[in-house]
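Here's the structure we're looking at; comments come further down.
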Amino acid sequence: MTKLTKNNLFKVYDSKPETAMEKTTRVVRQMVDEETEQRQAKVTRLRNTRLEREANTPSETTAKTARKTRPSRTVSK
């Protein structure tokens, strides 16, 4: 009879190998996550640039959007 030790008392199970579908899913999720990070970085960079540009330029759009009022016409009878 063999002497029991902690090395031979418990069976060591190897983790099952990754299936092709699991591997594909893992790779695609990694790609999507990288693209999302890049898109978020780009959006943040563009937003900061736009806000900086708007802060440094005078407000011309308020003058352009102001409506001019027409004189009211009177109807004579």
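Summary of computed values
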{"item": "Simple spin-label estimate for Arg26 and Thr5 in nanometres, 7 Å along Cα-Cβ", "result": "3.2 nm"}
{"item": "Inter-label distance for Asp14 and Glu54, nm, one decimal - labels placed 7 Å from Cα along Cα-to-Cβ", "result": "5.9 nm"}
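We did not get these values from a lab; they are worked out from the coordinates using the rules stated. Because the structure is predicted, anything quoted here is derived from the model rather than measured. In this analysis, Cβ positions are derived from the backbone assuming ideal geometry, glycine residues included, and neighbour counts consider all displayed protein chains.
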